[in-house]
Every structure is written in C-alpha cells, then in structure tokens.
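*Asks:* Structure incoming, see below.
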Amino acid sequence: MKRTELANLIRNTGCRVIGAEDASNDAQREVLAALIAGHNESDSTILCEPSLARKTTRPPDAVLVDLIAGVHVIEVKGITLDQIEALEPGGQFRIRYNGMTLGKNPFAQVRNAMFDIKDAVERHFPAELVLPFKYWVALATISREQWLEKWGKDAFCPPELLFSDDLPALSQRLRAIGQSSLDKHSLKCWPTDQIQCVWRAFGDSSVLFPRPEERQPRRVQEGTLGEMFDEAAETYKALSDEQQKLSAQRWEKGPRLVRGVAGSGKTIVLANNLARRTQRSLSGQFDLFAENRQPRIAVVCFNRTLVPFITKKIEIAYRQRTGQSLPDNIVEVWSYNRLMWNLSQKGVWRYQKFDDTDDTSRASQYLKELLFAKENDPSAFERCSFDAIYIDEGQDFLEEEFRLLKELCRTDANREPSLFVFYDDAQNLYGRRRPNWHSLGLNVVGRSHVMSECFRNTKQIVEATFNVLYGTFAIEKSQVPTKAFGDIGTMEEKDLLHNEDGVWRVRFAKRSGLKPKVTVADGRPKQWAEIVQRLRWLTEEQQVRPEDINILVYYKNQVEKLVAAVEAARLPAIEGVHVATTKKDELLRKRGWLSISTVASAKGYDAYCVLLANGNEFPTDVQGRASFYVACTRAIEYLEVFATSRSGLVVEMERAVAVLN
C-alpha cells in the first residue's frame, strides 16, 4: 500500500490515527489500513510507532486502543518468505539482509514493548487492571499457506503470528477477543479511567493534537517551513508535570486562580480539569448533585471568537477521558456579552446594550437585578445559576464583572463559589486593573498557582516581544508598563526572568527557533504587496498550509483592505480567507483557508506562522504594547512584522531582535 492510499483511508475514517506518516513501508501501511478499515468509530485510536513517556525499547509498529478490543500491540515485518533462512526456538528468525544473515526475534521484541506499555499504565493506575493487553507479529507479505508449505504443518506458528490473509478480518478478530474478555468481566466496555492511563503512559494528551480531518498527513519537500510545521504538529506531546497536576486537581470547594505566562497551556488545563469535573459529577462523586439534579457548568470568556475553540478543547478532553461525547446541556461556553443576553431571555434581568452605558455600570445593573431575583424569585435564579464557572482570559474582565459572575455560582454550606479564573497580566489588552480578590469575597490564598513555562513560542519570539512590552528600547519611558503590570517581581523571584544590562532575558521559554523578522515598506499599498508576496513564498516555495498562517492587524478598519489584496492575488494554495471579525462563531484555522483578524479576535488562538501588518500603528502606551505582545505571541514558529514606516514599536522590535538574537 502506498502513502497516498493510506492517506485517503485516513481522510475518510471516523477513528483517530496518529503518526501514520511514520509508516515507512508498504507492509506497515497494509496493517494500519486493516485496523482503520475495521475501526471506523471515533472511540478507536490507532498509533503508529508511539513512544512511551518513559521510553525503554524501540516503539512497536502499531498500537490499537479501543473500548471493546482493548490494547493491541503489533510488530510488522515486511520481509519476504525467501529472506527467512531458518526458524529457531523461541520465535527467532534467521533473516537475510543484503548478503548478511541476522537473528531477529520479533516476538520477544513486541512482547517487551507490550509489557513496557502495560507497566507504564500500571504506574498510573494503582488498582488492578482489567484492561487487556495483547501482542501480535504480522508478516504482511506472506500468506499462511506459503508459510506452512515452506516450513511444514508442524512449523512454528503461534496464535500471535498473523499473515497477509489474516489482515482483512483482523479488526473483527481483535474485537471478538475483546468482547469475549468483556463478557467474562460482565462489562460493556473497558473502563475509561484505565484507557486514560494508556494515554498518560504515552505522555499523550488529545487536546494537544489536531484531529485527522483537520490536518491530513502529507509528504513535503525536506527543509521547508511546511515540513517543520507538520513535524511540530504531529510530534508526540506530553502534558508537563505542572499541567497534569492542575488538570487532575479536584476543585470542589471554593475559588481557584491560575495565572500563567503566554503559551503555558492555561486553556488546556481548563479543558482537562472541566472534563474531569464533568465526569465526576455525572458519576455521582459530588455531594452537590446528590439530589439527582443534572450539573450545570459554564465557561466564560470575553472574546466571542474564542468560544468555538474552547468548546472543541473541552469536547476532546471529555472524549479522551470517557470515550464518549460530551452530554448535552451540561457544559455551556459563552462569551460574556452573549451570556448576558441569554440570561436576559430567561427573565433574570434586562439586557444592557453596549452603547447605552459603560462596562462597570452595566455589570452593576446586572448584579442588582440578579440579587433581587435571588432573593425574591429563587426559581429564576435556579434557571440561570451554575454549579461552577470557569473564566478564561480573566485579565479581560472588570472587577465588577467578576463580582457578577461570582453571584451566578451556586454555593453550598460554606458559601464559597466554584469560580475558577485563568489569568495572564501581560495579555491585558483592555487595560483592566487586577481585581482585589479578597474584596470580591474570593479567598484564593493557598488556592492560586502560577504556570511558569511557555510551551507555545520560541525563546526568540518571546524575548524580543517581551522587551517591546516593557519598553526596554523605548525613547520615551512615561507610557511603558510598570513591573506590577505583569507581576515581574514574582517572575524574578521564581528565576523565570532576569535583567541583564537593562535588557530582559526570559527563562520561561526554552524552545529555540527562528529569529522574528521586520519588513518595512513605503506605504500601505506596497506593504499589502509585500504581504501577498510573502504568502506566495510561504504557500508555494515553503509548502506551508494556509491554515497554519494568521495575518493580524490592530485596527479593524484595515481588515477589509488586507482581505481584498489577498483575494485579488488569487494564490492557488489558498482556498479562501477566513475573516474572524465577521465570522466570530467559527473556528480559526479552517483547513485550506487563510485567517485574517484583529489582534483582539485572535487572542487565545495561535498559528505556526504569524504575519503582523501595520506594526507601526500600534499605540506606544501600555494597552498598545500589550496588544503588540499578544499579537506576536500568537506565533509558534515564524513571526514577521510588517510596517509602513520605521517608527513606534517597530523600531523597538528591530532593536530587540538585533540585540537579543
């Protein structure tokens, strides 16, 4: 089977296939194809050459993880019958390679790999495992008849040895084995908490990977940016110890505050923690739900375009934990203003239009009407309140808005709300003052955590833009942030940051990569032309997927002009342009589409390649610098800042890149 044939199979399957591009020969691809063909359900996962978090032996060629079949580890040999010169005791093959004969024991190899996986799972699951683990050796180019004809009817042929004619029915065979074992244990499917431990053993988290339908496997020219981005997307990723700890914490009583640097994985922790909470609540592990009332959990963010992104992460995290889809009407993800509108339709309060008054006054009016309903109409409050509220990008919210969201939380006897805030001071686009948590009635003493490592961005990107944020190279220092803005004091105490001759050196971003670029054009028309030319170079010469590119601007009125310039160029690789400012309820990074948005609309998202237009138009005050920092830290690997003049923050960025890199 060829790569293109396997890619077509993966494109049309419902199961999750990871690492298929690592299948290096036709035989391995034949086995993967057999597994895919029989496991079209989204609850099945097929891994090609997966590595354990604690790697000991060479990874097996394929691993199937399925709620019915269990865990099956397969070693594939693409050798021909003529290459096998002898069979030796214990499953040892004497195989001829390029004139040399070597002893190989694929059974010992795959058996060791299987026990390594099982041992790793047992380390994560202290109780007794019922999840079955099986191993197989597949001779994908040899039929059973050929084998017996050469070596005789009494030849070495254990049940774990598969031949080419076994492959068409392989999936049914594995499922039948799993079903038989399930029947013995009186189970309908294997426990999802044990399946979850398999992912932990691999150091894997589903929320860190693109789904197959979003990112199809492909072969591109070596050394291109496209190859670099593809490898980064498909490389096995493990949650850090910090992320795993926060994901697993039981936040059952009282509020929590999670602060973190840009790219530290706050939204990943939110999704995983919420998925675990939902699973526990539905299984009756919360006294809060003892009255058999269905739990109700909200996630609230300020940015409407972030809603589908967070929703998707939660759905993936829940499916990974349970093997099932997230139940309806349990978790609601809202932008703040949409939530206000929704609750007004339930009769809790009157909707306050944005143009009618300021943000603080609106929140105060909502709070006043909510407290009235709470006192005088308990049924109305019950319809609108939540058992827990997670707030993403908490730095976007005013203190009075936190007060309002706190009151939307149901409380138990201790009167403490389950309000969980994820916060990053440095990404404060709207210039909000950090709340006084105590005055809000939120006791976060001993309940807060600082996520201290950036996994998204390279050191080159973070360090340069961090110095722009804090005005290291600014001529006029009156408008740069103080140390308190991003809590630099705490970062220095934790040795995440240090000042070297007046320049900030970051230690919270460790991954090295490409230097950011700055391109200055003479006027906007020439800048648009430069950006179009860069898109052509990226998508054609560098074979970068359009969905891996995000173009950002500060002012909304520049979006249409940029879109017009890109569409007029008719670049063949770009199927369309996704404008986040007009399609606020759709995910960015749609397959084959280029994304263009304002910085505010892109907050919370990232892209392998970010092109920032009109860099010189960002204000040089605190809010403008925060916006510039947010824009640049959307870039995972490649960042280029375009400008129409060498002025403002662009000058500072040029100096930062030159000095720091």
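The values are calculated or read from the model by the stated rules, or taken from the named source; none is laboratory data. Remember, predicted model here, so these are calculated numbers, not experimental data. Every residue, glycine as well, gets a Cβ built from its backbone with ideal geometry; the counts of neighbours run over all protein chains shown.
*Asks:* Against the conditions (1) in a helix (DSSP H, G or I); (2) closer than 22 Å to Pro106 by Cα; (3) free of Cβ contacts under 8 Å to residues at least 12 places away in the same chain, where does Leu167 fall short? Just the number, please.
*Replies:* All conditions are met except number (3).
*Asks:* Okay, next question. How many residues, within region 462-505, are in a loop (DSSP other than H, G, I, E, B), free of Cβ contacts under 8 Å to residues at least 60 places away in the same chain and surrounded by fewer than 12 Cβ atoms within 10 Å (Cβ to Cβ)?
*Replies:* Counting residues in region 462-505 that are in a loop (DSSP other than H, G, I, E, B), free of Cβ contacts under 8 Å to residues at least 60 places away in the same chain and surrounded by fewer than 12 Cβ atoms within 10 Å (Cβ to Cβ) gives 8.
*Asks:* With respect to Leu182, is the statement that it is at pLDDT 95 or above, under 44 Å from the mean Cα position of the chain (by Cα) and not in a helix (DSSP H, G or I) true?
*Replies:* no
*Asks:* Does Thr80 count as more than 39 Å from the chain's Cα centre (by Cα), of a type in the set (Ser, Thr, Tyr) and closer than 21 Å to Ala34 by Cα?
*Replies:* Considered against the rule, which asks whether it is more than 39 Å from the chain's Cα centre (by Cα), of a type in the set (Ser, Thr, Tyr) and closer than 21 Å to Ala34 by Cα, Thr80 comes out as yes.
*Asks:* Taking Ala388, is it more than 30 Å from Pro481 (Cα to Cα) and either in contact with a helix residue (DSSP H, G or I) (Cβ under 7 Å, 6 or more places away or on another chain) or of a type in the set (Ser, Thr, Tyr) (or both)?
*Replies:* Yes; evaluated as a whole, the condition is true for this residue.
*Asks:* Name every residue in region 369-390 that is surrounded by 21 or more Cβ atoms within 10 Å (Cβ to Cβ) and of a type in the set (Ser, Thr, Tyr), in order of residue number.
*Replies:* Ser385, Tyr390
*Asks:* Next question, about the same structure. Please verify whether Val506 is in contact with a Phe, Trp or Tyr (Cβ under 7 Å, 6 or more places away or on another chain), more than 19 Å from Ala626 (Cα to Cα) and β-branched (Val, Ile, Thr), treating the condition exactly as stated.
*Replies:* So Val506 fails the test.
*Asks:* Please work out if Trp528 is more than 25 Å from the chain's Cα centre (by Cα), assigned by TED's automatic domain parsing to the domain that holds Gly592 and under 16 Å from Tyr608 (Cα atoms).
*Replies:* Here the answer is no, as Trp528 does not meet what is asked.
The rows are residues; the columns are (1) in the same structural domain as Trp190 (by TED's automatic domain parsing); (2) in contact with a His (Cβ under 6 Å, 6 or more places away or on another chain); (3) at pLDDT below 80; (4) not in a helix (DSSP H, G or I).
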| position | (1), (2), (3), (4) |
| --- | --- |
| Leu52 | yes, no, yes, yes |
| Thr56 | yes, no, yes, yes |
| Ile68 | yes, no, no, yes |
| Glu75 | yes, no, no, yes |
| Ala86 | yes, no, no, yes |
| Gln109 | yes, no, no, no |
| Asp119 | yes, no, no, no |
| Lys134 | yes, yes, no, yes |
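*Asks:* Can you find a residue in region 235-258 that is modelled with pLDDT under 90, more than 19 Å from Glu332 (Cα to Cα), of a type in the set (Lys, Arg) and in a helix (DSSP H, G or I)?
*Replies:* For region 235-258, residues modelled with pLDDT under 90, more than 19 Å from Glu332 (Cα to Cα), of a type in the set (Lys, Arg) and in a helix (DSSP H, G or I): present.
*Asks:* Which condition number in (1) out of contact with any strand residue (DSSP E or B) (no Cβ under 8 Å at 6 or more places or on another chain); (2) under 16 Å from Arg634 (Cβ atoms) is the one that Lys561 fails?
*Replies:* Result: Lys561 fails condition (2) only.
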